[in-house]
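To start, the structure itself, in structure tokens.
The values are calculated or read from the model by the stated rules, or taken from the named source; none is laboratory data. Keep in mind that this is a model prediction, so the values were computed, not measured. Here the Cβ positions follow ideal geometry from the backbone for every residue, glycine too, while neighbour counts run over all protein chains shown.
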């Protein structure tokens, strides 16, 4: 077996059917990064009958006029638990890249190092994979682990039922406030970009990820203040009737005043106060935005296999509504009906985004995910030494 260069079409055909298919190991991502200054290279391990056994996109940068290094986003397209195949691919890759004056490549394989449930109870441990990489010459970069949350299902009702109570409450609260979610069109691109950071980056991503194999989609939540007010007027009227009934029961001297009855009255009084405040809030929003306003947005990449959540943003003054929860749920619902079963909610930070994503009650996948593969050992050590001296 040996390494060969693939054409763009050959790599596209292989990457689109591989079990490790992902948007970063794709022609679309290669072209996207090429527009940002990388060179792209598609390589494959083939046998004597030209059967492809593994492949990878390498993004290439020049270190100087002669030598290069490469970056392998999301790792190779191969089965990492087939240690024999990983060893052969690595050996042949080093031989091939040395001829091209590579010093090293950096790889971030998407290997399920450890899997937890949303409460961080360990479900699966594959930590031994790091030693398999070390055995065949990879330099492991410690303290580079990442966590992401993934949910898997194929039915809408059971998916929603599995969400945590806090998330369901936020979603229902958004619906009461008259928030609607729609898929963005070309006419909505500027509205979407106004709600997120790194506008130029995502403008390019929209441009390059534009086919069914890797399609960038964005969804926008809009607040309609008329619906907001009318919904709470309805809830207020309904609760007022309930409150009147409870009042009559409390005033009825022939009935015993139970703790349950008193508790119901207290809850009802609180709801009346809440609904009145919501009507006032909705009225104030209506005065400023009578035609409604976009308040948040979420961007994803869908590839006929899974949905990857890429970016999200919101209008700061409406942050308190937490409408992104509703946007994500509407995206999941829509794609469940189109037979998608895996939803990658993206990286989570234990300090920051864990709480907001944990409500989806998915599994947390930990990636110990950064390795260097030295191609020219002497120059690799010299390069690392130089970096340390500069620091």
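Per-structure values
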quantity	calculated
Which numbered condition residue 26 misses (of (1) closer than 25 Å to residue 382 by Cα; (2) crowded, with 17+ Cβ neighbours inside 10 Å; (3) within 24 Å of the chain's Cα centre (by Cα))	(1)
Exclusive hit being modelled with pLDDT of 85 or more and farther than 30 Å from residue 86 by Cα, set 131, 125, 162, 153	162
Residue selected from the stretch 1-10 under the condition touching a residue at least 12 places away in the same chain (Cβ under 8 Å) and farther than 16 Å from residue 96 by Cβ, by the criterion surrounded by the fewest Cβ atoms within 10 Å (Cβ to Cβ)	7
Positions within the stretch 203-232 being at pLDDT 95 or above and part of a strand (DSSP E or B), in sequence order	216, 217, 218, 219, 220, 221, 222, 223
Output for the stretch 11-32, where each listed residue is free of Cβ contacts under 8 Å to residues at least 40 places away in the same chain and farther than 14 Å from residue 58 by Cα	13, 17
Count - residues of the stretch 51-68 that are in contact (Cβ under 8 Å) with a residue 40 or more places away in the chain and either part of a loop (DSSP other than H, G, I, E, B) or crowded, with 20+ Cβ neighbours inside 10 Å (or both)	5
Members of the stretch 241-265 found to be under 43 Å from the mean Cα position of the chain (by Cα) and loosely packed, with under 11 Cβ neighbours inside 10 Å, listed by number	263
Residue count, the stretch 169-178 (criterion: buried (at least 16 other Cβ atoms within 10 Å of the Cβ) and out of contact with any helix residue (DSSP H, G or I) (no Cβ under 6 Å at 6 or more places or on another chain))	1
Single residue of the stretch 179-197 satisfying the filter (part of a loop (DSSP other than H, G, I, E, B) and touching a residue at least 40 places away in the same chain (Cβ under 8 Å)) that is surrounded by the fewest Cβ atoms within 10 Å (Cβ to Cβ)	197
Residue list for the stretch 259-310, filter: in contact (Cβ under 8 Å) with a residue 60 or more places away in the chain and part of a helix (DSSP H, G or I)	278, 282, 285, 286
Selection within the stretch 336-355 - at pLDDT 85 or above, under 11 Å from residue 307 (Cα atoms) and either touching a helix residue (DSSP H, G or I) at 6+ places or on another chain (Cβ under 8 Å) or in a strand (DSSP E or B) (or both)	336, 342, 343, 344, 345
So residue 19, is it surrounded by 14 or more Cβ atoms within 10 Å (Cβ to Cβ) and either touching a strand residue (DSSP E or B) at 6+ places or on another chain (Cβ under 8 Å) or not in a helix (DSSP H, G or I) (or both)	no
Tally, over the stretch 135-159, of residues that are surrounded by 13 or more Cβ atoms within 10 Å (Cβ to Cβ) and out of contact with any strand residue (DSSP E or B) (no Cβ under 6 Å at 6 or more places or on another chain)	6
Filtered residue count, the stretch 211-225, keeping only those that are over 18 Å from residue 326 (Cβ atoms) and in contact with a helix residue (DSSP H, G or I) (Cβ under 8 Å, 6 or more places away or on another chain)	4
Some residue of the stretch 325-335 being under 30 Å from residue 224 (Cα atoms), at pLDDT 90 or above and not in a helix (DSSP H, G or I)	no
Condition met for residue 35 (touching a residue at least 24 places away in the same chain (Cβ under 8 Å), closer than 25 Å to residue 204 by Cα and out of contact with any strand residue (DSSP E or B) (no Cβ under 8 Å at 6 or more places or on another chain))	yes
From the options 71, 133, 89, residue that is within 24 Å of residue 22 (Cβ to Cβ) and in a strand (DSSP E or B)	71
